[in-house]
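The values are calculated or read from the model by the stated rules, or taken from the named source; none is laboratory data. Computed from a predicted structure; not experimentally measured. For neighbour counting, all protein chains shown are included, and Cβ atoms are generated from backbone atoms with ideal geometry for every residue, glycine included. Just so you know, the surface numbers come from the protein's heavy atoms only, side chains and all, with ligands and any DNA or RNA stripped out. Shrake-Rupley method; radii C 1.70, N 1.55, O 1.52, S 1.80 Å.
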Amino acid sequence: MIHDILSENVRKEIDSIRSKFPHDKNKSSIIESLLIIQHENNGYLNEELIGALAQYLNVQKIDVYEVATFYSMFNLKPIGKNTISVCTNVSCMLRNSDQIVEYIEKKLKIKIGESTKDNKFYLKDEMECLAACNGAPMMQVNHVNYENLTFEKIDKILDGIKDD
Amino acid sequence: MIKVCTQTFDCKDPSSIETYIKLGGYSAWREILNQQTPKSQIIETIKDSQLKGKGGAGFLTGLKWSFISPTKSQKYLVCNSDESEPGTCKDRDILRYNPHSVIEGMLIACYAIGASVGYNYLRGEFIGDQWKVTNNAIKEAYEHNFIGDNILGSNVSINIIPLIGAGAYIVGEETAMLESIEGKRGMPRIKPPFPAVQGLYGKPTIINNTETIASVPYIIKNGIDWYKNLGAGDAHGVKMFCMSGHLNKPKVIEAPLGTPFSKLLDECNGILNDKKLKAVIPGGSSVPVVKGEVIMDTPMDYEPLMKIGTMLGSGGVIVMDETTCMVSVLERISRFYYAESCGQCTPCREGTGWLYKTLVKIRAGQGDQSDLDLLNRVANQIEGHCICALGDAAAMPVKSFLTNFWNEFEYYVEKKQSMII
């Protein structure tokens with residue numbers, strides 16, 4: 001049953017994550033394991049996956065659920081294939097990041113926090129500073145940094161992303 | 001120009017072990033293993049070098065190490081690479097351009113405190129670049145037997161293990177990081193007990209910032225006086241300053257501690273479009289803002305910045321020109337702390353919400369004079385009343401923005417619009 005939910009590949013990766021910690025500290029593997037599981041599941045988690053990891057690590061489901069709901073990189077609902085996070089914290093705000101968000105919203109015809117109808121993009125409502133302040137304004141697309149953004153640059157980056 | 005943590009940055013293949021070794025890398029570690037240097041001697045060296053924590057608190061690193069419990073049982077070292085203080089972008093460069101300095105620093109720190117395991121915890125958003133470089137560098141160091149069992153035949157065994165987070169500012173707080181490594185929500189612990197006595201899995205643990213750790217091999221290699229003398233004037237050592245905001249050329253500069261702010265400004269080719277400097281947040285968004293004219297000639301060092309009412313913090317220097325609306329900047333800062341409060345302590349959980357919502361109200365033109373008093377009152381009720389420093393970090397900007405730019409806030413509530421057009 002659990003083998004149907006977590007692929008062999010994922011289970012292998014979880015086993016190697018477990019080896020980083022003392023043998024009786026299974027909870028420590030939750031965060032990195034969830035990142036792997038989420039990546040394999042089109043970028044989001046659900047209760048079935050959370051339950052499966054709990055069972056595989058032999059921890060309580062609530063332990064996994066707590067982690068999945070606390071950290072902002074975990075999504076508990078389906079999202080578009082490519083995640084865009086625009087940093088809008090102070091340093092980027094001073095370099096007009098709000099206009100960058102507005103431009104992307106208009107371009108993709110969505111509001112921040114939404115995914116496009118074709119499910120190609122998800123525009124995350126990013127609260128954190130993404131630690132690229134000297135390259136402001138900046139965004140991450142699937143966790144790759146793009147800095148010193150202009151509207152032309154955004155067009156080039158987003159238009160360059162293939163459909164699959 | 002001096003280079004400590006940035007030594008490899010301009011090299012052709014900066015992150016490779018060959019580059020690092022060519023520049024004298026791992027020689028400090030080899031020497032320690034060859035000489036079987038007493039642990040206490042290493043701790044004394046770091047203490048005497050005046051190396052201070054570069055993540056924000058500025059605590060003497062050697063002193064922190066000396067607090068480690070003398071027990072023979074398992075101990076841990078944690079390198080805090082959860083760089084997320086707004087305005088800070090230095091560790092990201094060390095991690096991708098000089099990863100081996102972090103590894104060698106961790107090895108030396110592990111040896112000095114008697115830890116057989118060192119974890120390097122990177123923020124989740126570093127998964128695209130820094131995470132890969134870190135993993136690769138650790139692999140290289142294992143292949144050279146700088147890490148692992150019986151390192152270079154010395155009978156010393158230390159493992160260095162990379163960890164990744166998943167998005168939470170609060171995990172940068174050292175005890176929240178321990179919770180996170182234990183696989184829990186990042187909620188800070190009550191101190192005491194301090195981590196040096198009871199840390200990860202209840203074992204003695206030392207947590208140091210990436211830049212701090214990366215400085216260690218260079219200090220061991222070049223000596224106490226070398227490091228101390230790098231500072232300008234009365235200051236000791238160097239710091240990476242992350243220059244961001246309204247600058248012609250924003251950049252990360254590794255400079256002597258004690259360098260006047262004006263000199264850093266010059267290195268960034270001055271204020272964007274030759275506007276006038278209005279305000280500076282010199283140490284990440286958690287520290288108090290100061291007026292431009294006040295900081296201009298101030299040496300960028302712990303004490304001088306305290307004297308003008310602010311702090312060196314993480315070295316995240318956020319520069320604002322005359323066109324900046326301070327009300328909207330404070331609203332943005334408050335939104336951040338509201339979003340990132342872990343929710344454990346009531347004053348912070350509720351207070352950060354009150355701060356943010358009150359600022360949103362003012363910005364919407366619906367505030368009045370009483371809201372300004374409310375901001376001050378809420379800030380005072382948060383400050384000093386929480387388990388960790390996030391509450392203080394949310395309160396300090398509010399109080400300093402109001403103190404320094406009161407007329408702008410008053411204008412906003414009276415005219416229902418910003419003073420800045």
Accessible carbon and sulfur surface of region B:247-402 relative to its total accessible area, %, 1.4 Å: 50
Under the Karplus curve 6.51 cos²θ - 1.76 cosθ + 1.60, θ = phi - 60°, whole-Hz ³J(HN,Hα) for region B:88-97, x wherever Gly or Pro sits: 10, 8, 9, 4, 4, 6, 4, 5, 9, 10
Exposed-site-free run, longest, chain A (rule: trypsin sites (Lys or Arg not before Pro); DSSP loop; at most 14 other C-beta within 10 Å): A:1-108
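Classify region B:303-406: rounded, prolate or oblate, from the alpha-carbon gyration tensor (a ≥ b ≥ c, eigenvalue square roots; a/c under 1.5 rounded; otherwise prolate if a/b is larger than b/c)? It would help to have the intermediate numbers written out before the result.
Details: a/c = 1.61, a/b = 1.04, b/c = 1.55.
Oblate, because a/c is 1.5 or more while a/b does not exceed b/c.
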Are there trypsin sites (Lys or Arg not before Pro) in region B:1-83 that DSSP marks as loop and that have at most 13 other Cβ atoms within 10 Å, and which are they? B:Lys12, B:Lys72
Determine, from the Cβ-Cβ distance of A:Val59 and A:Lys109 and an R0 of 56 Å, the FRET efficiency 1/(1 + (r/R0)^6), rounded to the nearest 0.05. 0.85
Amide H contacts under 5 Å for B:Lys239, placed H, 5+ residues apart: B:Ala255, B:Leu257
How well do other chains shield peptide B:327-336, expressed as the mean number of their Cβ atoms within 10 Å of each residue Cβ? 3
Probe radius 1.4 Å, ligands and nucleic acids left out: which of B:Thr323, A:Thr88 has the largest accessible area, and how do the rest follow? B:Thr323, A:Thr88
What residues have an amide H closer than 5 Å to that of B:Asn209, excluding those fewer than 5 places away on the same chain, when H is modeled at 1.01 Å from N in the peptide plane? B:Lys54, B:Gly55, B:Asn80
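In Å², and per residue, what accessible area does chain B have when probed at 1.4 Å with the other protein chains present? Let's see the in-between values first.
Working: 15400 Å² over 421 residues.
Roughly 37 Å² per residue, with all protein chains present.
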Residue by residue through A:21-31, how many Cβ atoms from other chains fall within 10 Å of the Cβ on average? 5
Given a Förster distance of 60 Å, the FRET efficiency implied by the Cβ-Cβ spacing of B:His144 and B:Lys416, rounded to the nearest 0.05, works out to 0.40
Projected area, mean over directions - region B:358-421, Cα convex hull, nm²: 4.2
Across 5 Å bins beginning at 0, the whole-percent shares of Cα-Cα pair distances in region B:230-316 come to 3, 16, 28, 29, 18, 5, 1
Cα radius of gyration and Dmax for region B:117-178 (Å): 13.7, 41
By the gyration tensor of its Cα atoms, with a ≥ b ≥ c the square roots of the eigenvalues, what is the shape of chain B: rounded for a/c under 1.5, prolate for a/b over b/c, or oblate? prolate
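Would you mind giving the average projected area, over all directions, of the Cα convex hull of the protein assembly as shown in nm² with one decimal? All intermediate terms of the calculation are to be shown ahead of the outcome.
Details: hull surface 103.6 nm².
Mean orientational projected area (the protein assembly as shown, Cα hull): 25.9 nm².
Under the Kirkwood approximation applied to all pairs of distinct alpha-carbon atoms, what is the hydrodynamic radius of region B:1-45 in Å? Mind showing how you got there, number by number?
Numbers: mean 1/r = 0.0822 Å⁻¹.
By the Kirkwood definition, the hydrodynamic radius is 12.2 Å.
When the expected Rg is taken as 2.2 N^0.38 Å, what fraction or multiple of it is the alpha-carbon Rg of region A:23-164?
Working: Rg = 16.9 Å, N = 142, 2.2 N^0.38 = 14.5 Å.
Relative to the 2.2 N^0.38 Å estimate, region A:23-164 comes out at 1.17.
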With label points built 7 Å along Cα→Cβ from the Cα atoms of B:Ser40 and B:Asn407, find their separation and express it in nm. 6.0
Per-residue Cβ counts within 10 Å, from other chains only, averaged over B:82-89: what number is that? 6
Below 8 Å, C-alpha to C-alpha, sequence gap of six or more: please give me the relative contact order for region B:77-230 in percent. 31
Between B:Asn380 and A:Asp98, take the C-beta separation as r, use R0 = 30 Å, and let me know the FRET efficiency to the nearest 0.05. 0.50
Å² per residue, accessible surface of region A:114-156 at 1.4 Å: 44
If you count the DSSP beta bridges with both ends in chain B, what percent of them are antiparallel, to the nearest 5? 40
Simple spin-label estimate for B:Asp371 and A:Tyr44 in nanometres, 7 Å along Cα-Cβ: 3.5
Find the centroid of the Cα atoms in region A:143-164 and in region B:68-114, then give the distance between the two in whole Å. 33
The simple spin-label model distance between B:Lys275 and B:Ser27, using points 7 Å out along Cα→Cβ, in nm, is 4.8
Within region B:49-89, name every residue whose backbone N is under 19 Å away from a label modeled 7 Å from Cα of B:Lys228 along the Cβ vector. B:49-53, B:59-66
List, in order, the whole-Hz ³J(HN,Hα) value for each residue of region B:134-149 obtained from phi through the Karplus relation with A = 6.51, B = -1.76, C = 1.60 and θ = phi - 60°; use x for Gly and Pro. 4, 4, 5, 5, 5, 4, 4, 5, 5, 4, 8, 6, 7, 10, x, 8
